[in-house]
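Notes for the one structure printed next.
The values are calculated or read from the model by the stated rules, or taken from the named source; none is laboratory data. Treat the numbers as computed from the prediction; the structure is a model and nothing was measured. With ideal geometry, Cβ positions are generated from the backbone for all residues, glycine too; neighbour counts draw on all protein chains shown. Accessible surface is based on the protein model in full, side chains and every heavy atom, while ligands, DNA and RNA are left aside. Shrake-Rupley method; radii C 1.70, N 1.55, O 1.52, S 1.80 Å.
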Amino acid sequence: MNGIRKIRLVAVDCDGVLINDTYLAVIERFVTRHGGRYDARAERDIVGLRDVAVAERIGRLCGLDQPVPDVLAAIWAEREQYLREHPITVNDGVVDLLASLRNLDVRVLCYGGRDRQHTFDRHLGHVVDLLDPEHPYVSINEHRPGVARIVRDVIGCAFDEAVFIDDVSRVAEAAREHGSGFIGFPSSAAHRRQRRFMAEAGVRHIVGSLSEVTPHLLERVDGELATSSHWNTTT
């Protein structure tokens, strides 16, 4: 018996939460290497959008006289180089986290911007039995930031019955807009601005390790959602 009464879905981001970040660091490196100024304003403008929108804004920021598809291809090439230096690894505590969520009698899925075969099957296939059998992974690139896509179109629960665990503030902002729950995980040096962005967006729960996402924390979020007190309204 657990204390969860309202939450029906916990959606966990793949890149930056279940695996090490291969997104924020790549964007910052690409922009700075191509003459752009990567600051808080640029990060707010770029991060968490569809790939083509990211490429368009990066191209404009860096003054690149190239078609958007060429900019996007160059960003992907930068990512491949980054991964040769910083290979994908599964973050500490993933199995324990997903197992504890499964015991809460809620649906648990993970999501990301790539097709399932791209990252999930290669690096997280060993945890598929801990996830929702119908929708263990949802690709959201064409539907970013993904909150509405996952809750309304894929699972079909109410927005205030869903909690998202993510490393970028754009998802937090979408969760707040729709009335969903959110736990922030800005865990690396590349996330140094995201923590502040999340706090400014009213996020109450920001963790530094997956071990902090406990059943007790989820019960607390559950109670907040049930009483419409989940978001910090003083920010």
**OP:** Mind listing the long-range amide H neighbours of ILE19? Cut-off is under 5 Å, sequence gap 5 or more, other chains count too, H placed in the peptide plane at 1.01 Å from N.
**Re:** ASN91
Subject >> Where only alpha carbons of region 98-235 are counted, the Rg and the Dmax (Å) >> reply: 14.4, 42
**OP:** Please turn the phi angles of region 183-200 into ³J(HN,Hα) values with the Karplus equation 6.51 cos²θ - 1.76 cosθ + 1.60 (θ = phi - 60°), one per residue in order, whole Hz, x for glycine and proline.
**Re:** 10, x, 9, x, 9, 10, 4, 5, 8, 4, 7, 5, 4, 5, 4, 5, 4, 5
Original post:
What list of ³J(HN,Hα) values in whole Hz, one per residue of region 9-19 in order, does the Karplus curve 6.51 cos²θ - 1.76 cosθ + 1.60 (θ = phi - 60°) give from phi, with Gly and Pro shown as x?
Top reply: 9, 10, 10, 10, 5, 7, 6, x, 10, 7, 10
**OP:** Report the percentage of all Cα-Cα pairs in region 146-221 whose separation exceeds 16 Å, rounded to a whole percent.
**Re:** 47
Original post:
Across region 73-79, in residue order, what do the Karplus-derived ³J(HN,Hα) couplings come to in whole Hz, using 6.51 cos²θ - 1.76 cosθ + 1.60 with θ = phi - 60° and x for Gly and Pro?
Top reply: 4, 5, 5, 5, 5, 4, 5
Original post:
Quick one: length gained pulling ASN232 to ARG84 fully straight, 0.36 nm per residue minus the C-alpha distance?
Top reply: 49.3 nm
Subject >> Of all accessible heavy-atom area on the chain, the percent that carbon and sulfur account for (1.4 Å) >> reply: 46
Original post:
Roughly how much of ILE206 is accessible, in Å² to the nearest 10, using a 1.4 Å probe?
Top reply: 50
Original post:
Given +1 on the Cβ of Lys and Arg, -1 on the Cβ of Asp and Glu, and no further charges, what dipole in debye does region 80-235 carry about its Cα centre, rounded to the nearest 20?
Top reply: 500
**OP:** Using only Cα atoms, locate the centre of region 205-235 and the centre of region 97-132, then give the distance between them in Å, rounded to an integer.
**Re:** 21
Original post:
Given just the C-alpha atoms of the chain, how large is their convex hull per residue in cubic angstrom?
Top reply: 113
Subject >> For region 1-140, with +1 on Lys and Arg beta carbons and -1 on Asp and Glu, the positive-most of PRO133, HIS123, GLY48 along the dipole >> reply: GLY48
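Can you compute the FRET efficiency between ARG5 and ASP92 using 1/(1 + (r/R0)^6), with r the Cβ-Cβ distance and R0 = 22 Å? Round to the nearest 0.05. Spell out each step's value before the answer.
On the way: r = 30 Å, r/R0 = 1.37.
Result of the calculation: an efficiency of 0.15.
What's the long-distance tail for region 28-118, i.e. % of Cα pairs beyond 14 Å? Intermediate values should be presented prior to the final figure.
Working: 3014 of 4095 pairs.
Cα-Cα pairs of region 28-118 separated by over 14 Å account for 74 percent.
So what's the back-of-envelope 222 nm ellipticity for the chain, counting only DSSP H runs of four-plus at -39500 (n - 2.57) apiece and dividing by all residues, rounded to 500?
Numbers: 9 runs with 92 residues, N = 235.
Using -39500 (n - 2.57) per qualifying helix, the result is -11500 deg cm²/dmol.
I'd like to check one number: the per residue accessible area of the chain, probe 1.4 Å, reported in Å² as a whole number. Can you show the working numbers first?
Numbers: 10770 Å² over 235 residues.
I get 46 Å² per residue for the chain.
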**OP:** Note down the relative contact order for region 111-235 as a percent, whole number, built from C-alpha pairs under 8 angstrom at least six residues apart.
**Re:** 18
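Taking R0 as 25 Å, what's the FRET efficiency between SER209 and ARG50 from their Cβ-Cβ distance, rounded to 0.05?
Working: r = 30 Å, r/R0 = 1.19.
Approximately 0.25, to the nearest 0.05.
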Subject >> Sequence-separation-based contact order of the chain, relative, with Cα cut under 8 Å and 6+ spacing, percent >> reply: 25
Original post:
Under a 5 Å amide H to amide H cut-off, with H placed in plane at 1.01 Å, what residues pair with SER187 once short-range neighbours are removed?
Top reply: none
Subject >> Residues in region 84-104 that a label on ASP129 would reach, taking backbone N under 18 Å of a point 7 Å out along Cα→Cβ >> reply: 94-104
